[in-house]
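We did not get these values from a lab; they are worked out from the coordinates using the rules stated. In this text the structure is predicted, and so the values were computed from the model without any measurement. Glycine also receives a Cβ, built like all others from the backbone with ideal geometry; neighbour counts cover every protein chain displayed.
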Protein chains: 2
Amino acid sequence: MKIIDHLAGVSLFKGLSAENLEELAMIVTDQEFKRGQVIFNEGDDGVGFFVVITGRIKIYKMSAEGKEQILHLPGPGDTFAEVAVFTGSSYPAFAVALEKSRLFFFPKKSFIDSIRANPSLAMNMLASLSMRLKRFSRMIEALSLKEVPGRLAAHLLYLSEQSGDTQVVLDITKVHLASLLGTIPETLSRILGKMSKQGLIRTDGPHIAIPDLDGLDDLASGESRLT
Amino acid sequence: MKIIDHLAGVSLFKGLSAENLEELAMIVTDQEFKRGQVIFNEGDDGVGFFVVITGRIKIYKMSAEGKEQILHLPGPGDTFAEVAVFTGSSYPAFAVALEKSRLFFFPKKSFIDSIRANPSLAMNMLASLSMRLKRFSRMIEALSLKEVPGRLAAHLLYLSEQSGDTQVVLDITKVHLASLLGTIPETLSRILGKMSKQGLIRTDGPHIAIPDLDGLDDLASGESRLT
DNA sequence: CGGAAGATTGATCAGTTTCAAGCTCCGTGG
DNA sequence: CCACGGAGCTTGAAACTGATCAATCTTCCG
């Protein structure tokens, strides 16, 4: 499968002509990362951005004591580190591969040229950054205004909405889910337990069934609490 | 003073030609808001975005119990609600004027046309959104990985860096500062008190002197704590 | 097969919020 | 012009959420 065929499946490049994709393909570097391999560290020189072809990446911040807060978990078709391209500075977070991953790397300079020459690509990128901004503001809202049960409920509802099913399968470990929700595995485990006891969910390893969507909704919006 | 002269001072429009500014000026609506007046509510139809000419705007989220988390406090020359332009959906937060404010409003449709026609404007907007994204990720980091003293220390250092002075003047109330830091006025007051007692800062109303930059730095990075 | 990583549960502890009260300051209307 | 009322700010005591520390068990990757 050629590079251009992979690019065609990336939503950031949706609607671009074959010639445009051809041009983009010329500036791409195809890169492989092993599970656990560092892609960049916070503060590294921001030389370009990435598109995930296969695998899963963890973008995160870290505290002095080593606690991690996950910002983003891009998978196939997702992009990351675009910020470095447009602020012309260093990467503002850490990135490691959670599994064996194939990435396309776009060097900053060449990609900026592409964007300048291509209004549709610019619009796509603006839409992509705006979407990210929206998700980040939801994260800020959750961290500041919701307690852990509310954040978890909101996340489960989000997953359920994505899959269009009241059966949800976690494709990340609970350690990572905790880090994404801004808490720790112990707390997450306890709260999943409480939710089960109250009949809001049924858990079986990474499988979570949601028999009571309305109950979770009340939790997520702060209208009820977990006793 | 004509609209175009105001536009020239907005960093989002930096580097644009006089003709470009002229075109932009044609799609602007000049609007006045009184102190406390609502500009839009979360969920309202996102019809366009704003540039602040004079005054101060509060962009915030709100919990079910009425607690507020400030996302952004745009002042003269700053923009807000750009996200609504590019995601084509509703406003994702609340906006009110903190004081009598003059705003320029850009309707979504016309502004998108301007961007498509003008690569420099597109690049400026990409840079602006990226900067915002970076600030939001710092906020997420702070809320999740730092305690209130650390967040406050980081914010004071930020203000000091902006002004290039170890003397800082708060141009917002402490109620708003608390909301910006993800806490409440009582906690903020106590922590300012502790910092003063330890000689990290000296406070006099909205004036805060920082005699011990290194001490604050240690607090902000989590290397020390407030006993 | 061995060991590290993931997951769960209990007891304790620290940080922050909540509730309550009192204070100053300022704008506005009588 | 003064008084009133509300907003901003501070301090204290009590309650609570979530983190920490510790132990155990399981799983899965090398």
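For chain A, what does the relative contact order come out to in percent, with C-alpha contacts under 8 Å and a separation of six or more?
19
Counting partner chain Cβ atoms within 10 Å of every residue's Cβ in A:117-124, what's the average?
Mean shielding count: 3.
Given DSSP loops and a limit of at most 12 other Cβ atoms within 10 Å, what is the longest stretch of chain A that contains no such GluC sites (Glu not before Pro)?
Formally, the longest exposed-site-free interval is A:66-222.
Where the label is 7 Å out from Cα toward Cβ, how close does B:ARG202 come to the same position in every other copy, in nm, shortest first?
Counterpart label points of B:ARG202 in the remaining copies fall at 6.8 nm.
Scan around B:GLY48 for amide H atoms under 5 Å from its own, H built in the peptide plane at 1.01 Å from N, and keep only partners 5 or more places away or cross-chain.
B:LYS108
Of A:LYS14/B:LYS58; B:LYS14/B:LYS109; A:LYS34/A:LYS61; B:LYS58/B:LYS108; B:LYS2/B:LYS108, which pairs sit farther than 25 Å apart, going by alpha carbon to alpha carbon?
Beyond 25 Å: A:LYS14/B:LYS58.
Once Rh for segment A:136-178 is found with the Kirkwood sum over Cα pairs, what is the Stokes-Einstein diffusion coefficient at 25 °C and 0.890 mPa s, in µm²/s?
This corresponds to a translational diffusion coefficient of 219 µm²/s.
Using Cβ contacts closer than 10 Å as the measure, can you line up B:LYS174, B:LYS2, A:LYS61, B:LYS197 from fewest to most?
The order, fewest Cβ neighbours first, is B:LYS2, B:LYS197, B:LYS174, A:LYS61.
Is there a quick way to get the dipole size of the protein assembly as shown? I mean about its Cα centre, with the Cβ of Lys and Arg at +1 and of Asp and Glu at -1; what is the value in debye to the nearest 20?
Its charge dipole is roughly 660 debye.
Sort shortest first the distances from A:MET131 to its counterpart in every other copy, using label points 7 Å along the Cα-to-beta-carbon line, and give them in nm.
2.5
Shortest first and in nm to one decimal, what separations exist between B:THR173 and its copies in the other chains, measuring from label points 7 Å along the Cα-to-beta-carbon line?
4.7
Please report, in whole Å, how far the alpha carbons of segment B:3-142 spread along each principal axis, starting with the longest.
49, 33, 24
Got a sec to turn the phi values of segment B:25-37 into Karplus ³J(HN,Hα) couplings, 6.51 cos²θ - 1.76 cosθ + 1.60 with θ = phi - 60°, whole Hz, x for Gly and Pro?
Result, rounded to whole Hz: 4, 6, 9, 7, 10, 8, 10, 10, 10, 7, 3, x, 6.
Using only Cα atoms, what Kirkwood radius does the protein assembly as shown have, in angstroms?
With all distinct Cα pairs of the protein assembly as shown included, I get 23.7 Å.
Under the rule of -39500 (n - 2.57) per DSSP H run of 4 or more residues, summed and divided by the residues of chain A, what mean residue ellipticity at 222 nm is obtained, to the nearest 500 deg cm²/dmol?
-14000 deg cm²/dmol
Test of understanding: ordering A:SER114, A:SER17, B:SER196 by Cβ neighbours within 10 Å, fewest first, what list do you get?
A:SER17, B:SER196, A:SER114
How big is the gap, in Å, between the Cα center of segment B:149-227 and the Cα center of segment A:182-210?
Cα centres, segment B:149-227 to segment A:182-210: 38 Å.
Order these by the 10 Å Cβ neighbour count, fewest first: A:HIS155, B:HIS6, A:HIS207.
Result, fewest neighbours first: A:HIS207, A:HIS155, B:HIS6.
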